[in-house]
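Novice: My questions all concern the structure below.
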Amino acid sequence: MKRASIYTSEHAELVLLLKDLRLKAGLSQAEVAETLERPQTYVSAVEVGQRGVDLLQVRELSAVYGVSLPTFVELFEERLKSQESSRRPPRRRRRT
């Protein structure tokens, strides 16, 4: 059985880059969601890696963050080379 792309290190880098760009742009998840006319939970699910994103969604998100798609791809490729996610501590899970 083929592994889903959301379980790859590349996907971890992708969502980490999206979150970092949002923070650099000074936007909250709610502000991004409002701009995209989607619920805040959509942005959250993307950023924690629960939801995959396609090229059009990446383009849409990067535009909200003020980054062109070619620049996003360059940043993403740099991240893949350095594996930024491997240098960050894992997220703590909330107990329910």
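The values are calculated or read from the model by the stated rules, or taken from the named source; none is laboratory data. The structure presented is a predicted model; accordingly, all values stated were derived computationally and were not measured. Every residue, glycine among them, receives a Cβ derived from its backbone with ideal geometry; neighbour counts consider all protein chains shown. Areas reflect the complete protein model, heavy atoms only, side chains present, ligands, DNA and RNA absent. Shrake-Rupley method; radii C 1.70, N 1.55, O 1.52, S 1.80 Å.
Novice: Would you work out what percent of the accessible area of segment 1-84, with all protein chains in place, is carbon or sulfur (probe 1.4 Å)?
Specialist: 53 percent
Novice: On to the next question. Does anything in segment 45-68 have its amide N under 17 Å from the 7 Å Cα→Cβ label point of S28, and if so which residues?
Specialist: Within reach of a label on S28, which here means backbone N under 17 Å from a point 7 Å along Cα→Cβ, segment 45-68 contributes 45.
Novice: Write down the accessible area per residue of segment 1-41 in Å², having rolled a 1.4 Å probe over the full set of protein chains.
Specialist: Here the per-residue accessible area is 67 Å².
Novice: Using θ = phi - 60° and the Karplus relation 6.51 cos²θ - 1.76 cosθ + 1.60, list the HN-Hα couplings for segment 56-72 in order, rounded to whole Hz, with x at every Gly or Pro.
Specialist: Ordered by residue, 3J(HN,Hα) equals 5, 5, 4, 4, 5, 5, 5, 5, 4, 8, x, 10, 5, 4, x, 5, 4 Hz.
Novice: When the chain is fully extended, how far beyond the present Cα-Cα distance does E74 get from D54, taking 0.36 nm per residue of separation?
Specialist: 5.5 nm
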